[in-house]
Amino acid sequence: MASSLTFLCETTLKNAFPSRSFAFPSGSHEAQRLSFGFHGVALRRAKAEVKWRSSREVRAVENSSWAGSADTDINNLFDAPVLSNTEVAERLRTYQEQNQSNQHYMAMFSSIFGGITTDPAAMVIPMDDHMVHRGHGVFDTAAIMDGHLYELDQHLDRLLRSASMAKIGLPFDRSTIRNILINTVSASKCTRGSLRYWLSVGPGDFQLSSSGCAKPALYAIVIEGRSLPDQKGVRVITSSIPMKSPEFAIMKNVNYLPNALSKMEAEENGAFAGIWLDNEGYVAEGPNMNVAFVTADKELMMPHFDKILSGCTAKRVLVLAEKLISEGMIDGIRLGNVSVEQGKMADEMMLIGSGIIVKPVLQWDKHIIGDGKEGPVAKALFDLIVEDMQSGPASVRVPVPY
Ligand SMILES: Cc1ncc(COP(=O)(O)O)c(C=O)c1O
């Protein structure tokens, strides 16, 4: 069973909300239409009303009375046509064309169809996959830089560690997974962007236990992205969203609701990210990044990885930062507990992760960090990582044969 039906209903309503009209293609199943009322919280909260027109168009009308209307209200009814495979495929393509995001999905591998597609409309996963409805999946990423995968093996090792902790078996052995990932990038022809991949306990049923899932699944997608992240300093806040317990924080599983809520809380407060404190009140991490500091006595300081995700970028920073010791920019590197007070009194604070590389923090809550400007160590570490991505050793740069 594919996730397409939910997807299409969502699509239709999403398209309808901006007061736009569009015609549905008429098909042979015109007569077989399902009528049902949506009882979903999200829809009843939506301030819109969807009306069918005789011309088979749907129009969204702003209507604040939607929330209060009775479930039996005729306007609450939404006709869903029963579609043929061809019609579903057509609509998926129309959806992709009408909803072009700024993300370009270049290729996807799925162990379900056992191959790679470059058609974004076909990049779907089964709805009864336990990763979809129970969050029983793990994931990871790797940057694609100038036709090379950066730290692929390090990210792959973490993916397999996470899978083992989440009791997810492997659909293929490690080297086959690695080859599939490289082949997917190759098929995409993408030379700059990112590769994201998931190991799931697989499709099966809608039960809680995964015992009905016959075979684990692997999915991977290539997303094009030409530019490097900027190095502008940002503001962070202390997150009020509870962080995951160490057992779940150290594995990269798909349960990122706390992370997403923490990021949204930060954005609602005009900040870039929320900083989590651990159960003892020490600095932990951000929602998808690690945190580091430069102390007044020129020490690069990072929290231990025992209660947080072991960031591949942060670990690489720890290696490359040795160069800054030899150049006299810093005097040492220390992994350990960092109190909030120590963090706020630091000369520099930075966020580290594959998405942002190294991002200086200029303000934490109300506290200005250092002199309130982007610091030299954050800049030097950013440059070292970018240099490593572009010309580092073979251990961190896997060439993609296009
Ligand atoms: C919770 C969390 N911490 C830290 C990181 C940074 O890890 P990496 O440098 O491997 O991207 C991530 C990455 O997504 C993350 O999700």
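Against the condition touching a residue at least 40 places away in the same chain (Cβ under 8 Å) and more than 24 Å from Leu170 (Cα to Cα), how does Glu267 come out, does it pass? For Glu267, the condition - touching a residue at least 40 places away in the same chain (Cβ under 8 Å) and more than 24 Å from Leu170 (Cα to Cα) - is not met.
Please specify each residue of the range 269-306 satisfying the condition of being more than 14 Å from the ligand (Cβ to nearest atom), of a type in the set (Val, Ile, Thr) and closer than 16 Å to Lys359 by Cβ. Once the filter is applied, which keeps residues that are more than 14 Å from the ligand (Cβ to nearest atom), of a type in the set (Val, Ile, Thr) and closer than 16 Å to Lys359 by Cβ, the range 269-306 yields only Val294.
In the range 211-233, the residues that are more than 28 Å from Ile168 (Cβ to Cβ) reach residues that are of a type in the set (Asp, Glu) with C-beta atoms within less than 6 angstrom, at least six apart or across chains, in these pairs: Gly233/Glu374. Taking the range 68-171 as the region of interest, the strands (runs of 3 or more DSSP E) fully inside it that hold 3 or more residues being within 21 Å of Leu257 (Cα to Cα), touching a helix residue (DSSP H, G or I) at 6+ places or on another chain (Cβ under 7 Å) and at pLDDT 95 or above are 137-145. Taking (1) among the small types (Gly, Ala, Ser); (2) touching a Ser or Thr at 6+ places or on another chain (Cβ under 7 Å); (3) over 17 Å from Lys232 (Cα atoms) in turn, Gly353 satisfies each apart from (3).
Being in contact (Cβ under 8 Å) with a residue 40 or more places away in the chain, within 16 Å of the ligand (Cβ to nearest atom) and crowded, with 20+ Cβ neighbours inside 10 Å is the filter here; which residues of the range 307-336 pass it? Within the range 307-336, Lys307, Ile308, Leu309, Gly311, Cys312, Thr313, Arg316, Val317, Ala321 qualify. The lone criterion from (1) of a type in the set (Gly, Ala, Ser); (2) farther than 19 Å from Ile357 by Cα; (3) in contact with a helix residue (DSSP H, G or I) (Cβ under 9 Å, 6 or more places away or on another chain) left unmet by Ala187 is number (3). Within the option set Gly353, Gly372, being surrounded by 19 or more Cβ atoms within 10 Å (Cβ to Cβ) and in the same structural domain as Lys263 (by TED's automatic domain parsing) holds for one residue only, Gly353. The condition of being within 16 Å of the ligand (Cβ to nearest atom), surrounded by 20 or more Cβ atoms within 10 Å (Cβ to Cβ) and farther than 21 Å from Val396 by Cα holds for only one of Leu149, Leu181, Leu199, Leu159, that being Leu199.
The values are calculated or read from the model by the stated rules, or taken from the named source; none is laboratory data. Fair warning: this is a prediction, and the values are worked out from it, not measured in the lab. Every residue, glycine among them, receives a Cβ derived from its backbone with ideal geometry; neighbour counts consider all protein chains shown.
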